[in-house]
Amino acid sequence: MHFPVRWSPEWNEERWMGQLLILPMQLLIWFVLIVPMLIVIYLSLVSWQPIMGVDWWQAPFAGLSNYVQALQDQRFLTALGRTMGLVLVAVSLEFLLGLALALFFHQEEFPGKRIVASILLYPMMLPWVVVGLCFYLLFLDKGPVNYILISLFGPDASVQWYQNPLLALMTIALADIWQWTPFMFLVIYSGLGALPPEPVEAAMTLGASRWEIFRYIVFPMLKPVMLIALIIRALEAFKIFDLVYIMTGGGPGTSTESLSLYLYRTGFIYGQLSYAAAMALLVLILIALVARLAVRPLEREL
Amino acid sequence: MANKKKGYGKLTRREFLKAAGLAAAGGLLSTCAPAPTPTPRTPATPAPGTPVPRVEGATPEERALNGIKALKAAGKIKNGDTFVILHHSGQRNNIVPALEEWNRLTGLNFVSAEEGLEANIYTKVMNEAVTRTGSYDIFLTFVNWIADMAEAGLIVDQTEWWEKYDPEVDHGPNAYVSPIDRFTSLYKGRRYAMGADNDTFSMFYRKDLMENPDEQKRFEDKFGRKLEVPRTWEEFDQWVAFFDRPDQGIRGVHMYAERYFAYTGWAARFISRGGAYFDDNMDPLITSEEGVTALEEMVRLIQNHAWPDAVTGDWSVAYTRFPEGSVFCAWAWPSLGKWAQDPKTSKIVGKVGAMEIPGTMHDGELIRAVPHVVGWSFSISRYSKSPEACYCFIQWFCGPKTGLDAIARVGTLDIFRQSWFNEPKMKEAYGADFLPVLLANSKNAFPDISLRGANEYLDKLNLHLQQAFAGQKKPEQALKDAADEWQKITDRLGRLSQIEAWRQERKNYPEPIQRLWRKKGLFKD
């Protein structure tokens, strides 16, 4: 057995006291971070549901079977693919719209610009649940969107948004884009404001076009900020739950079910906590890998 | 130094780690076989002992109060002791005034802990089963969670207290409507809960259209019979098709075909045809001819005569569609009748009729199977400071007199004792015309799947049924997929235990259905 700290002359009373003072916080961090993580890992390696009638620490060891089951679970893999697709589409559009808005606000001056910029940020401040409910109502069969469509194109123009899996997914993506484009706008607009003006002024003096200035000067300087915004937003969007839960419940069938919703159902509705733990850990590994790859260019920049 | 390291156990550290890693990986890989099923502990059941002495008292309420006095006298509880009841916020009006009265009568301190989302109650209950904090003494939960709670070791078996205090649930003039008395309380033949609700579905329709002479003539011309409330599902489908008027903004029917209650309409037809969810060995029977035909009929009905939100909406759609007058008929819980008759929520006040749920003819006998969807039952935590005091409360609350007052108040708990169907208070609350219909439907009520893992069985069924309703799957395929999923759940939870539970659960179905099963030779017993 090794004692983690060796006594040395440097370990004077002052240092011991320092260690002692941070000990409660260390223990707290262990308790709230490490212990739950260890329990999740343990659960993923056993076969246990509360309704099985045995205590979790007495559950039979299941090895990697929960992981194997997850990798063969079509619903899990489809939810994973669907969530990644949703993230790709929604976050890309949020980024492009946010960038366009940020450039517009950065370059143009118009009366009430500050007020408009503030209003643009409001969606981001709304709870997910509120946004989900609003968009759910918007796209109901008798909702405002269909009302407008019918007014413009006649009674046959009504669309069953939630019955068609693709359209249902689209309404969720739209809600996400509406809510989170302001985040992209905010981050990129702040980034633009922080850029040094000299390179741009020099380029303008040399006769560079707006596109050339953006392509060769602004974009490279803004890249780290944009990457951070994309990573944060993508990680957040990957966990999408509320919008799906409220707008479609994952339906029809499982055609709009996100990964988080499936994990929730498995863990808390079906009570398969071991299996949900294994899936959650697989997702964690995947996200960690993706995040690592995404951060790499940023590290090169910095 | 290097030599010393190399000589240590004749392995370098790298070699040792490599070997250990390989061994660990090999060990883990060898466990990739399907997870074993643990041996469950037996749910909390007291050992059978000598006959329990009955508590004195003329009524269930009186006996419950005497029970509290005895517990106090024995020093098991004392004035001011606090007991917490976890329940849904929709029951506040039913429960809170009763709690105040109970506390006044007993000197105890029973308090309410509300939860707004039904699904969260399940989560809290299961958390309690794991953490055993004793935070809640009484749970008012969905009826079909009783099995999960019992198997998780969370709730106590009340059977002996039923004998001791006699809640008059299954006998006498105050009995619950049978078979609700059975399936709201029994699991594996023992009383783990006490029903506090009646969630039997009823069908509501537009009485004004039915009474219209022009409609009556047109119907008679078309079908060669009088326009009457349909008795069979076949008649019902014609009736709905006849009144389906999309050009006038009225569709024929709203029946749930969505993610959470899609099974209701299908199950009513399936079971009235003589179908059962499982056979003796817990092999699913839903892919039988009865199951497939029932689903084909329902898919036709929903796709041709219902608004699309029957598939995409939730339970509340019935509560907007029918009262606003955009469907000819709809089925739901008893409260839909109240909504449709309330000028604040309805445009069709005075135009509403209620009817018995149709059935299927079998050799001249009409077999009706009416879904009892969800329903609420009281159960008691094993970790309560005095489970018996909790039992006394629930007996008092569900008693013939106290319960009458509590249930007549607006809330999500509905009438369940047979004698109450003649009470003026209830006639006022529900409408005198509706109560006989609800009583008739209640007598034909069958339970949700109430086995251990009921949530999962029902969710997987709903998932595939909704796909059939949305046109994503053929009915036969949807049922086959659901059956495959059910097999996996049964195997995971332990088939033998589920077989025993299902054998008992079948006895909670209405007698005519059990008779039909016997006639068809569906089960060995």
* **Euclidean distance of C-alpha centroids, the range B:97-141 and the range A:40-74, integer Å** => 30
* In the calculated pair distance distribution of the range A:162-273, what percentage of Cα-Cα distances lie above 24 Å? -> 48
* Structure fact -> The answer for the net charge of residues other than A:Y162 whose Cβ lies under 11 angstrom from its Cβ, with Lys and Arg +1 and Asp and Glu -1, is -3
* Asked: Based on DSSP H assignment, which helices of chain A show an axial Cα extent of at least 30 Å together with a mean Kyte-Doolittle hydropathy greater than or equal to 1.0?
  -> A:74-107, A:165-194, A:273-301
* Over the alpha-carbon set of the protein assembly as shown, work out the extent along each principal axis and list the three values in angstrom, largest first. => 92, 74, 53
* How large is the Kirkwood hydrodynamic radius of chain B, in angstrom, based on all distinct alpha carbon pairs? -> 25.0
* **Relative exposure of A:F110, B:F110, B:F322, judged by other C-beta atoms within 10 Å (fewest first)** => A:F110, B:F110, B:F322
* Report, for the protein assembly as shown, the % of DSSP beta bridges that are antiparallel, rounded to 5. => 65
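What net charge do the residues around B:T133 carry, taking every other residue with its C-beta under 13 Å from that of B:T133, with Lys and Arg at +1 and Asp and Glu at -1?
Local net charge: +2.
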* Asked: Among the listed pairs B:K69/B:K385; B:K188/B:K507; B:K338/B:K427; B:K401/B:K427; B:K188/B:K520, which are separated by more than 19 Å between their Cα atoms?
  -> B:K188/B:K520
* Give a residue-ordered list of calculated ³J(HN,Hα) values for the range B:153-163 (Karplus: 6.51 cos²θ - 1.76 cosθ + 1.60, θ = phi - 60°; whole Hz; x for Gly, Pro). => x, 8, 10, 8, 6, 9, 3, 5, 5, 4, 6
* **Rounded to the nearest 20 debye, dipole of the protein assembly as shown from Cβ charges on Lys, Arg, Asp, Glu** => 2140
* Asked: Taking the C-alpha atoms of the range B:358-477, how large are the radius of gyration and the largest Cα-Cα span, Dmax, in Å?
  -> 19.1, 55
* Nearest 20 debye, what's the magnitude of the dipole of the range A:47-169 about its Cα centre given +1 on Lys and Arg Cβ and -1 on Asp and Glu Cβ? -> 60
* For chain A, report the translational diffusion coefficient in µm²/s to the nearest whole number, using Stokes-Einstein at 25 °C, 0.890 mPa s, and a Kirkwood Rh over Cα pairs. => 105
* To do: Name the helices (complete DSSP H segments) of chain B with a Cα length along the long axis of 18 Å or more and a Kyte-Doolittle mean of at least 0.5, or state none.
  => B:13-29
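Every read-out reported here was derived from the displayed coordinates using simple, explicitly stated rules and does not represent laboratory data. No experiment lies behind these values; they were computed from the predicted model shown. Counting neighbours? That spans all protein chains shown, and the Cβs are built from the backbone with ideal geometry, glycine included.
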